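J.: Quick one: structure below, then a few questions.
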Amino acid sequence: MSDPRPARLAKATADTLWDIIVIGGGASGLGTAVEAASRSYRTLLLEAHDYAKGTSSRSTKLVHGGVRYLAQGHIHLVRESLHERGLLRRNAPHLVHDLGFLVATYQMWRLPFYGIGLKLYDLLAGKLNLRPSRALGRKATLTHIPTLKSSRLKGGILYFDGQFDDARLAITLMRTLEDLGGVAMNAAPVTGLVKSDGRVTGVRFADSETGASYTARGRAVINATGVFVDAIRRLDEPDIAPMLTPSQGVHIVVDRRFLPGNTALMVPRTSDGRVLFAVPWHDRTLIGTTDTPVAEVIEEPRALATEIDFLLKTAADYLDPAPRRSDILSVFTGLRPLVKAEGTDTKSLSREHDLVVSGSGLITLTGGKWTTYRQMGEDAVDLATETGGLPPRPSVTATLRLHGWAENSGRNHWHVYGHDAAEIHALPGADVHLHPHLPYVEAEVRWAVRFEQARTVEDVLARRLRALFLDAAASQAMAPRVAEILAEELGRDTAWQVAQVRTFMDLAAGYLSSPNQRAV
Ligand SMILES: Cc1cc2nc3c(=O)[nH]c(=O)nc-3n(C[C@H](O)[C@H](O)[C@H](O)COP(=O)(O)OP(=O)(O)OC[C@H]3O[C@@H](n4cnc5c(N)ncnc54)[C@H](O)[C@@H]3O)c2cc1C
């Protein structure tokens, strides 16, 4: 097979005047680029590393209104998120499914309290509600979560939200963008802004694989770089004050036996005043998250030992048997791009998104959540049409089916591909498993390189397949064979393969459960 990158790079570097250039390939940037291309604006998206390399592959995997935001009184945010949840459920049924969440109660008076709150949650979803919440007795509660601690248990409330695979949705949005005629490049960091008469008229970017530099001209430039937005804003105005106050959230992944069945556990108030979820995900159990202010914004944030201890301790308050540190299969950490507000702690900062335009016309989009990526994109493109003097055109994404659209009839790992799954089955290695503990086969690696812009072992094992997040040690064992297939597909030599495996081993070591303590 020939390498598909040069043809894509030729499109990205052609002498085109783009209508909209988007910097950043996470939820915000991809949502914005799909919005722009679906309105027939010429659209270029540039991603420094890989799609969803940042926060967008490290979420709790919920498409939700946010019960916590309801408790905080952010009614507008909850209503908007529930609406978007319903749209995404329709537009990407291969990636989003309904999931029951149980709020267990050990005090009788709490049952009506949570019951009324969750009825309000149902009501705010309007006609896009998934399934109505309901109260459960003690026995039914234990049927849903047999490992729930039963002594003094009174019952629970069952409500429904959406669940998804965050990095797979990012890849699907990139494919949707290309289906619509847009161009998306990964391994293409923006290194500078081009200005003319004080206005931003384009960007400078590099091809990380060759080191070559290019310029792209655009009528509007949108900075959607998540926790890195301030770095891009400084390219525009070197002395500008930061707009973000980042905090990190840690998840641990453990075996399915700690949460058998298909119902998630939602703890509405942990000892530090947060919400904690234990969620079945890709045949494992995901437990998170924390909220720890961080001083430094880095690409691979690491969990603190205290954060892992907190997750294990809180899980042990509810689950029997409870996971221990030695049961952890993977630990991953994401940074929240929270917009600064003086005098508040990060837990209570708004998850609503922010759009700002600088004096030179650079648009910055930040905040929000995965669930609201479409609305964020719509708002950003509306603003870009004004800033860039583009002809206004109405949004169509509320009903736009995403790449691979197919009804989801079950839950195995093939469903994330939607109607592409049949084509992957026809590739070589469709019946050759990469590891006995994970469902992935060799054909998926070939598919990832040919059609999903995977360039490295990490791109494959972290975001095309979710091996790194599901079982870091298993992903290390898979790395040599994945490097071999990549080398075959891309025409690389043995030295490249060896270097790829070494780099991935180091990265995956950070997802094993021995955290590297870092001062805040
Ligand atoms: C712990 C945690 C749990 C969460 N759980 C949920 C959840 O369950 N549901 C939900 O709806 N939301 C959730 N969120 C929120 C959601 O994940 C984020 O709001 C969202 O992923 C942010 O996306 P983004 O595109 O703004 O940022 P990112 O995903 O960080 O994307 C920014 C991208 O910009 C790229 N970039 C940086 N600099 C450059 C440059 N110079 N040139 C080109 N590209 C560049 C980066 O490589 C990165 O890929 C969670 C967040 C956290 C932290």
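The values are calculated or read from the model by the stated rules, or taken from the named source; none is laboratory data. Computed from a prediction, not measured in an experiment: that's the story for all the values here. Methodologically, a virtual Cβ is constructed for each residue, glycine included, from the backbone with ideal geometry; neighbour enumeration extends over all protein chains shown.
Residue-wise test of (1) part of a helix (DSSP H, G or I); (2) farther than 30 Å from TYR214 by Cβ; (3) of a type in the set (A, V, I, L, M, F, W, C); (4) in contact with a Leu (Cβ under 9 Å, 6 or more places away or on another chain).
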| site | (1), (2), (3), (4) |
| --- | --- |
| THR32 | yes, no, no, yes |
| ARG79 | yes, yes, no, yes |
| ARG85 | yes, yes, no, yes |
| LEU111 | yes, yes, yes, no |
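J.: A follow-up question, please. Can you tell me which condition ARG269 does not meet? The list is (1) assigned to a helix (DSSP H, G or I); (2) without any contact (Cβ under 8 Å) to a residue 40 or more places away in the chain; (3) not aromatic (Phe, Trp, Tyr), and all the others hold.
T.: ARG269 satisfies all of (1) assigned to a helix (DSSP H, G or I); (2) without any contact (Cβ under 8 Å) to a residue 40 or more places away in the chain; (3) not aromatic (Phe, Trp, Tyr) except (1).
J.: Right, here's the next one. Test ASP236 against the stated conditions and say whether it is within 14 Å of the ligand (Cβ to nearest atom), at pLDDT 95 or above and out of contact with any strand residue (DSSP E or B) (no Cβ under 6 Å at 6 or more places or on another chain).
T.: Here the answer is no, as ASP236 does not meet what is asked.
J.: Conditions first: (1) crowded, with 19+ Cβ neighbours inside 10 Å; (2) in contact with a Lys or Arg (Cβ under 8 Å, 6 or more places away or on another chain); (3) on the phi < 0 side of the Ramachandran plot. ALA187 passes all but one, so which condition is the exception?
T.: Every condition holds for ALA187 apart from (3).
J.: Please indicate, with yes or no, whether at least one residue in the stretch 467-484 is of a type in the set (A, V, I, L, M, F, W, C) and farther than 29 Å from ILE308 by Cα.
T.: yes
J.: Another question about this same structure. If ALA37 meets every condition in (1) more than 15 Å from the ligand (Cβ to nearest atom); (2) part of a loop (DSSP other than H, G, I, E, B); (3) crowded, with 24+ Cβ neighbours inside 10 Å; (4) not aromatic (Phe, Trp, Tyr) apart from one, which number is that one?
T.: It fails just one condition, (2).
J.: What residue, of TYR121, TYR69, TYR114, is closer than 24 Å to ALA140 by Cα, buried (at least 19 other Cβ atoms within 10 Å of the Cβ) and within 16 Å of the ligand (Cβ to nearest atom)?
T.: Every option except TYR121 fails the conditions.
J.: Something else now. Quick check on the stretch 373-407: of everything there that is polar (S, T, N, Q) and surrounded by 17 or more Cβ atoms within 10 Å (Cβ to Cβ), which residue is farthest from the chain's Cα centre (by Cα)?
T.: THR387
J.: Scan the stretch 5-34 for residues that are surrounded by fewer than 17 Cβ atoms within 10 Å (Cβ to Cβ) and within 15 Å of the ligand (Cβ to nearest atom) and jot them down.
T.: Residues satisfying the conditions do not exist here.
J.: Taking into account only those residues within the stretch 366-392 that are assigned to a loop (DSSP other than H, G, I, E, B) and within 13 Å of the ligand (Cβ to nearest atom), which is nearest to VAL63 (Cα to Cα)?
T.: So, considering only residues that are assigned to a loop (DSSP other than H, G, I, E, B) and within 13 Å of the ligand (Cβ to nearest atom), the one nearest to VAL63 (Cα to Cα) is LYS369.
J.: Within the stretch 286-313, how many residues are within 15 Å of the ligand (Cβ to nearest atom) and buried (at least 17 other Cβ atoms within 10 Å of the Cβ)?
T.: Qualifying residue count, the stretch 286-313: 17.
J.: Shifting gears a bit: Inside the stretch 264-282, can you point out the residues that are touching a helix residue (DSSP H, G or I) at 6+ places or on another chain (Cβ under 9 Å) and within 19 Å of HIS415 (Cβ to Cβ)?
T.: PRO280, TRP281, HIS282
J.: Which condition does LEU244 not pass, out of (1) among the aliphatic types (A, V, I, L, M); (2) free of Cβ contacts under 8 Å to residues at least 60 places away in the same chain; (3) closer than 30 Å to VAL190 by Cα, if it passes all the others?
T.: (2)
J.: Restricting to the stretch 226-274, what's the tally of residues that are buried (at least 21 other Cβ atoms within 10 Å of the Cβ) and among the polar types (S, T, N, Q)?
T.: 3
J.: If you go through the stretch 265-284 one residue at a time, do you hit one that is closer than 19 Å to HIS49 by Cα and within 15 Å of the ligand (Cβ to nearest atom)?
T.: No - not one qualifying residue is present in the stretch 265-284.
J.: Do we have ASP50 as more than 9 Å from the ligand (Cβ to nearest atom) and either in contact with a helix residue (DSSP H, G or I) (Cβ under 8 Å, 6 or more places away or on another chain) or at pLDDT below 95 (or both) here?
T.: no
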